[in-house]
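Read-outs throughout are calculated quantities, based only on the coordinates presented, and are distinct from any laboratory measurement. Here the structure is a predicted model, which means the values were calculated and not measured. Please note: Cβ atoms are built from the backbone with ideal geometry, for glycine as well, and neighbour counts cover all protein chains shown.
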Amino acid sequence: MTSRRILLLIVLAGLAVAPAVLSPFMVTLLIFIGIYSIVALGLVLLTGVAGLTSFGQAAFVGLGAYTTAYLTTTIGLSPWLTLLIGLGLTAAAAFVLGAVTLRLSGHYLPVSTIAWGISSYYLFAHVDGLGGATGITDIPPIEAFGYPFLTRESLYYPIWLTVLVTMQLIVNLLDSRPGRAIRALRGGILMAESFGIATPRYKMAAFIISALLACIAGWLYAHLLRFVNPTPFHLDAGINYLFMVVIGGASQVWGAVLGAGILTILQNYLQDLLPHLFGQTGNYEAIALGVCIVLLLQRTQQGAVSLLDRLLPPPPAAPPGEVTAAERLPERPPLPPGTRLLVVMGASKRFGGLTAVNNLSFSIEAGEIVGLIGPNGAGKSTAFNLISGVLPLSSGEIRYLGRRIDNRSSRRIARLGLARSFQHTRLLPDMTVIENVMIGAHLRSRAGILRALLRLDRAEERSIRAEAARHLHRVGLADSMHLAAGSLALGQQRILEIARALCADPTLLLLDEPAAGLRYQEKQTLAALLSQLRSENVSILLVEHDMDFVMNLVDRLVVVDFGEMIAQGLPEQVQADPRVVEAYLGGIE
């Protein structure tokens with residue numbers, strides 16, 4: 001048994017015996033830590049994993065608390081029924097708010113969450129029937145199997161059981177197809193959409209799940225204290241929840257619990273200690289708390305969980321992966337050699353008065369490598385982005401297997417069988433190599449969020465993992481599959497991107513300057529890999545500026561300069577073309 005597992009068992013045993021050995025004050029403190037942990041777990045998913053910052057979670061806590069408070073005291077509904085109603089209202093509110101705010105990017109999203117956090121506080125304080133600043137009292141206790149939870153201590157185990165179940169559900173979700181889609185949001189919308197991930201849907205899913213967890217915490221809070229008022233749902237509380245996640249470790253499930261514990265204990269002890277030190281009352285704890293948080297984050301920017309990781313022995317290294325027995329994922333039927341895959345006809349792209357691509361035309365057939373080359377600034381990457389759906393055409397047509405794709409998004413184009421790499425690698429560095437490759441199989445699998453939460457997707461997950469392992473063997477990275485992707489050298493990262501694209505089972509592989517920044521030997525390794533893929537009937541469009549790299553690799557070359565095609569044909573023909581020599585080769589010594 002590893003030291004980490006032993007520590008986990010010690011923590012669970014400590015939580016189990018805490019009510020019997022700790023003072024009532026400490027038990028109460030643990031109860032509040034449990035409630036705050038539930039909110040923080042939602043923020044781990046939303047902010048730490050999906051990268052969507054929210055200061056407004058206290059609003060959803062208040063919605064859960066006020067829903068049960070009002071319905072149980074005014075109408076006399078069962079607390080369990082009010083929980084379901086609260087979850088429904090919260091999901092609806094989160095959907096409406098998310099539909100408006102999740103379209104925003106940069107600092108506009110967190111600013112909008114501040115706005116709804118402030119608005120909800122004043123809503124709770126001024127809506128008729130919610131008790132104003134005094135709030136709602138005499139909330140009935142929760143009952144289960146005829147047993148009423150009348151005291152705070154009696155809710156200790158239900159609250160911590162909820163925390164542990166929530167943690168397991170989040171772990172289940174993150175280790176799944178939809179979980180990888182949510183994690184891919186941090187790698188950028190362009191990367192996620194290029195593999196068919198519906199980024200608006202998964203942003204909304206993370207937002208609603210985090211809101212529902214906050215609602216559950218509010219429901220427990222209301223029945224714990226048996227009264228509610230607006231104060232605990234102020235914007236300050238929303239900021240505290242975010243602090244908990246940052247302190248504990250934004251992307252770590254255990255970080256939510258650790259951060260909730262650290263912040264809650266610090267706040268309580270500073271409130272008692274500082275008035276004695278200064279001899280007078282005041283809001284000194286806010287200043288002292290801020291200093292403590294800054295000092296902690298200076299020591300460990302990844303949160304307290306990372307500090308524990310450094311103190312504990314590392315987990316045993318996973319052995320090099322093997323392709324496990326699993327049902328194969330669906331595959332596209334192979335196309336006969338010579339089938340016309342891609343046809344670009346008169347493609348042009350204008351940015352205002354600047355013409356980046358002008359009347360570009362070429363085609364690609366199944367089983368060949370076509371190089372799109374030219375000097376820096378020639379318009380290669382713009383043409384590549386037109387084909388992959390990142391940019392819309394100004395004029396012209398692009399057809400794939402006879403269908404126009406120039407009016408389609410990257411996500412819809414990916415469904416047709418095009419997969420791509422990026423000029424600047426877009427990997428998720430904290431995820432393992434094999435997990436990065438598994439993202440490529442998103443469109444080849446179907447498991448949804450509910451199946452993932454309940455861990456009913458294991459058969460499909462085994463198939464995805466086996467497929468990813470197969471492609472890592474294919475490209476020569478099998479021995480690195482359990483390493484963090486960010487630990488690989490640049491050349492390996494570029495090959496990893498190719499493995500991820502291959503996991504999508506493409507009929508056409510789009511590679512955007514895969515040799516950029518590589519040393520000579522790494523380029524030779526990459527060229528050997530691409531030649532191998534061609535022998536396996538993989539069609540490739542290769543965008544490059546390195547003439548030496550592509551000359552002995554591609555079947556045909558298309559050369560562009562200043563956005564216009566100046567030559568195309570066999571490599572030896574293009575190399576001898578006077579226009580190419582003047583525009584391109586003449587600048588190489």
Residues whose placed amide H lies under 5 Å from that of Ser539, excluding near-sequence neighbours: Gly367, Leu509
What are the semi-axes of the equivalent ellipsoid of segment 466-589, taken as the square roots of 5 times the eigenvalues of the Cα gyration tensor, listed largest first and rounded to whole Å? 30, 16, 11
Nearest-20 debye value, the chain charge dipole, Cβ charges on Lys, Arg, Asp, Glu: 880 debye
Which of the lysines could a cross-linker bridge to Lys349, judged by Cα under 23 Å and excluding same-chain residues fewer than eight apart? Lys380
Please arrange Arg444, Arg226, Arg494, Arg328 by how many other C-beta atoms lie within 10 Å of their C-beta, fewest to most. Arg328, Arg226, Arg444, Arg494
DSSP-defined beta bridges in the chain - what % are antiparallel, rounded to 5: 60 percent
Rank Ala20, Leu360, Leu427 by how far each Cα sits towards the positive end of the charge dipole of the chain (+1 on Lys, Arg Cβ; -1 on Asp, Glu Cβ) and give me just the farthest. Ala20
Rounded, prolate or oblate: which fits segment 9-309, taking a ≥ b ≥ c as square roots of the Cα gyration tensor eigenvalues, rounded meaning a/c under 1.5, else prolate when a/b beats b/c? rounded
Exposure proxy check: Lys203, Lys523 ranked by fewest other beta carbons within 10 Å? Lys523, Lys203
Quick one: Glu327, Glu365, fewest Cβ neighbours within 10 Å first, how do they rank? Glu327, Glu365
Looks like segment 429-505, by Cα gyration tensor root eigenvalues a ≥ b ≥ c and the a/c under 1.5 rounded cutoff (else prolate when a/b is bigger than b/c, oblate otherwise), is prolate
Relative to the longest principal Cα axis of the chain, at what angle does helix 235-248 sit, 0 to 90 degrees, rounded to 10? 60 degrees
Starting at the first residue of segment 436-446, write each ³J(HN,Hα) from the Karplus equation 6.51 cos²θ - 1.76 cosθ + 1.60 with θ = phi - 60°, in whole Hz, x for Gly and Pro. 4, 5, 4, 4, x, 8, 4, 6, 8, 9, 9
With a sphere of radius 15 Å drawn around the Cβ of Arg186, what net charge do the other residues whose Cβ falls strictly inside it have (Lys, Arg +1; Asp, Glu -1)? +1
Suppose every Lys and Arg Cβ carries +1 and every Asp and Glu Cβ carries -1, with no other charges. What dipole size does segment 9-309 come out with about its Cα centre, to the nearest 20 debye? 740 debye
Restricting to Cα pairs below 8 Å that are 6+ residues apart, what does the relative contact order work out to for the chain? Please round to a whole percent. 17 percent
Helix-only mean residue ellipticity at 222 nm for the chain, each DSSP H run of n ≥ 4 adding -39500 (n - 2.57), per residue, nearest 500: -16500 deg cm²/dmol
Tell me whether segment 1-81 comes out rounded, prolate or oblate; compute the Cα gyration tensor, take square roots of the eigenvalues as a ≥ b ≥ c, and use a/c under 1.5 as the rounded threshold. oblate
